[in-house]
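The values are calculated or read from the model by the stated rules, or taken from the named source; none is laboratory data. Owing to the predicted nature of the structure, the values given are computational and were not obtained by experimental measurement. Note that each Cβ is placed from the backbone with ideal geometry, even for glycine, and that neighbours are counted across all protein chains shown.
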Amino acid sequence: MTEPETAPLLEIRDIAKTFGSVISLYGISTTVRAGQVTCVLGDNGAGKSTFIKILSGVYQPDRGELFLDGKRLILPTPRAALDAGIATVYQDLAMVPLMAIWRNFFLGSEPTKGWGPWRRFDSETAKRTTRKEMLDMGIDIRDPDQPVGTLSGGERQSVAIARAVYFGARLLILDEPTSALGVKQAGVVLKYIVQARDRGLGVIFITHNPHHAYPVGDRFLLLNRGRSLGDFAKSEIPLPELTRLMAGGAELEQLAHELERTSVGQEMLEDIS
Amino acid sequence: MAATAIGADERVARVGPLRRLLVKPELGSLIGAVVVFIFFASLSDVFRSAQGIANWLDPASTLGIMAVAVALLMIGGHFDLSAGVQTGTAGLASGLLTTYYGLDTWLALALSLAICLAIGFVNGYLVMRTGLPSFIITLGTFLMLQGLNLGITKLVTNTVQVNNFDKVAGYQILRRVLASTVTIAGAPFEIAILWWILVTIGGSYLLLRTRFGNWIFAVGGERNASTYVGVPVRRTTITLFMLTSTAAWFVGNTQITRLTSIQAQAGFGQELIYIVAAVIGGCLLTGGFGSAIGASVGALIFGMTSQGIVYAGWDADWFKFFLGAMLLLAVLANQVVRRYAEQTRR
């Protein structure tokens, strides 16, 4: 094990959550360090969404504890998670398609100017900041007044990530950011993940695709039907083993065959090796 | 537009001025208003005289005040079918409390406001609490209020109206604030027109220039997303219902002050007209998109059409036909805009 010496940014200890008689999560533990990417892998129904919602304050765990910088952390609301520096980029991106980019960017945390009854939304600052932050991510949006709905999937992803980074997130949770995207767009998003990591953020990257996770991940938590299949450092687990654990023997072989047959799969396999 | 070097995405650049104009919600209604004005002005001299303008601005004004509030609520994703009868409730409450129970006028007005705010709160609270469509919840309160308005009025007065509001203390002050006229170019303009303009400016400012306005768009556009980023969805929605009730209070008291009496059925049926004005003004029925100015222009179109038909010497029955046709046109136009704004590229 070659874990770095830094203390974990977030430690998740033995989390459990049930909904009625359904055990959605049970006995989940992992750590996230600053400047590292922890990948949470699992197929549909593995409990990934529940896991995120606990970390972002939408659900409260029935059991288990969270520690931020070694201190016990309780997240009663999404707001509390944001205030603690935990920002979640949801699968559906938590954006309002009909609203302008700048309005979305600052939604819920609008900058204001003036005082008393004259306190108002500082739209100039909001527009300027949005444009600048997006430029920093390498995207020129030009017109911040454009509705978010007119952006492509990758662009929306980048707005969401830029927003999280701007609002001082120390821990970025990305919920299946690549699942709805084409190969090229997915590659762009993986680049943003690396960028966020290099800025010193802790990143939790949720995905069902080990081929997206492996190139950027430092740590891998595998979920299956609400339980942990293991929590590994990158050095402890090679990609084939990760894929095998995720898919299970026979299914994996079929997947490998399918990947070999398609050009996209070839590309992917080449990317990985 | 100059090309920018860093990561320029050639597809983003295609947003031309036309597209930006198209997503302005009030554009359609402004064009409509100009067309309607030219149409009736060419048919009738009176329509474009100062007296004519004062005449068609009058019905537009009280409707416009309600339409702005209803538009904000619609942008927030909800309907209030009880908004119309609430104007009746407000006027009846003020009237009954003063003329039959001898309460001080200002106290009666405050109580009337409290009643309206309570109705608005209940509407909003029930919608948030049950998760049922506001259409059903407010249909319920609409019917209940309609019954209460009639029932209580009959019980207290043994008639279906409240009279003699001009006999109460302070009526002259009220009249000056709510129902006086200002003579411009020889024609008397109702003071309500001024209030209407102020409400439109205030509503537009609230919507476009404040945090609360941003939240209105958000809760109406995508409720879950709003929750995730920390927007107080429940508070925003309940506040919107209470704002609508406040507008109903204002309009209801304007009406009783103006006429010095009020019918127990006052406001009944108006709720749909408010929604029509808001939709003509560019509000989407599904929420998340619309404009306060647009709703006001919708009310203006209503005023011009209702009076214009009379000036043109046509049977007033045609009015509803025109209104319906305009509503259909507006909805179709809105549909196009929405598809345009929401179209997604992967």
Quiz item: With A:ASP69, A:ASP145, A:ASP122 as the choices, which residue is touching a Leu at 6+ places or on another chain (Cβ under 9 Å) and surrounded by fewer than 19 Cβ atoms within 10 Å (Cβ to Cβ)?
Solution: A:ASP69
Quiz item: Of all helices (runs of 4 or more DSSP H) completely enclosed by segment B:206-299, which ones contain at least 2 residues that are touching a His at 6+ places or on another chain (Cβ under 8 Å) and at pLDDT 95 or above?
Solution: B:233-259
Exercise. Using the structure shown, decide if B:SER180 is of a type outside the set (A, V, I, L, M, F, W, C), more than 30 Å from A:ALA87 (Cα to Cα) and either within 11 Å of another protein chain (Cβ to nearest Cβ) or within 17 Å of the chain's Cα centre (by Cα) (or both).
Key: no
Quiz prompt | Residue satisfying condition, being among the aliphatic types (A, V, I, L, M), closer than 26 Å to A:LYS191 by Cβ and under 22 Å from the mean Cα position of the chain (by Cα), within set A:LEU66, A:LEU135 | solution = A:LEU135
Exercise. Kindly check whether there is at least one residue in segment A:112-129 that is in contact (Cβ under 8 Å) with a residue 60 or more places away in the chain and either hydroxyl-bearing (Ser, Thr, Tyr) or closer than 17 Å to A:THR207 by Cα (or both).
Key: no
Quiz item: Would a scan of segment A:196-204 turn up a residue that is within 12 Å of chain B (Cβ to nearest Cβ) and of a type outside the set (Phe, Trp, Tyr)?
Solution: no
Practice problem: Filter segment A:76-119 down to residues that are part of a helix (DSSP H, G or I) and modelled with pLDDT of 85 or more and give me whichever is nearest to the other protein chains (Cβ to nearest Cβ). | Solution: A:ARG103
Quiz item: Yes or no: A:LEU41 over 22 Å from B:ASN224 (Cβ atoms) and out of contact with any Cys (no Cβ under 6 Å at 6 or more places or on another chain)?
Solution: yes
Quiz item: Do we find that A:ALA84 is crowded, with 18+ Cβ neighbours inside 10 Å and either in contact (Cβ under 8 Å) with a residue 40 or more places away in the chain or closer than 30 Å to A:ARG72 by Cα (or both) in this structure?
Solution: yes
Quiz item: Just one of the numbered conditions (1) polar (S, T, N, Q); (2) buried (at least 19 other Cβ atoms within 10 Å of the Cβ); (3) closer than 30 Å to B:PRO25 by Cα is not true of A:THR38; which one?
Solution: (3)
Quiz prompt | Candidate set from segment B:157-194 (those that are assigned to a helix (DSSP H, G or I) and in contact with a strand residue (DSSP E or B) (Cβ under 8 Å, 6 or more places away or on another chain)); member that is surrounded by the most Cβ atoms within 10 Å (Cβ to Cβ) | solution = B:PHE165
Quiz prompt | Residues that are more than 13 Å from the chain's Cα centre (by Cα) and surrounded by fewer than 18 Cβ atoms within 10 Å (Cβ to Cβ), drawn from segment A:158-184 | solution = A:PHE167, A:GLY168, A:ALA180, A:GLY182, A:VAL183, A:LYS184
Practice problem: Say whether the condition of being within 17 Å of A:ARG120 (Cβ to Cβ), among the β-branched types (Val, Ile, Thr) and away from chain A (no Cβ under 13 Å) is met by at least one residue in segment B:219-236. | Solution: no
Quiz item: Out of the residues in segment A:130-142 that are part of a helix (DSSP H, G or I) and surrounded by fewer than 18 Cβ atoms within 10 Å (Cβ to Cβ), which is farthest from the other protein chains (Cβ to nearest Cβ)?
Solution: A:LYS132
Self-check item: Residues located in segment B:276-293, provided they are within 13 Å of chain A (Cβ to nearest Cβ) and either of a type in the set (Ser, Thr, Tyr) or under 14 Å from B:GLY32 (Cα atoms) (or both)
Solution: B:GLY282, B:THR286, B:SER291
Quiz item: Which residue pairs have Cβ atoms closer than 9 Å, lie 6 or more positions apart in sequence or on different chains, and pair a first residue in segment B:257-278 that is over 10 Å from B:LEU81 (Cα atoms) with a second residue that is of a type in the set (Gly, Ala, Ser) and surrounded by fewer than 24 Cβ atoms within 10 Å (Cβ to Cβ)?
Solution: B:THR257/B:ALA179; B:ARG258/B:ALA179; B:LEU259/B:ALA179; B:ALA264/B:GLY151; B:VAL276/B:GLY324
Quiz item: Does B:TRP196 fit the bill of being closer than 16 Å to B:VAL70 by Cβ, more than 14 Å from every other protein chain (Cβ to nearest Cβ) and in contact with a Gly (Cβ under 7 Å, 6 or more places away or on another chain)?
Solution: yes
Quiz item: in contact (Cβ under 8 Å) with a residue 40 or more places away in the chain, away from chain B (no Cβ under 14 Å), among the aliphatic types (A, V, I, L, M) and buried (at least 22 other Cβ atoms within 10 Å of the Cβ) - does that describe any residue in segment A:43-65?
Solution: yes
Practice problem: Exactly one condition in (1) at negative phi; (2) out of contact with any Asp or Glu (no Cβ under 6 Å at 6 or more places or on another chain) is not met by B:GLY230; state its number. | Solution: (1)
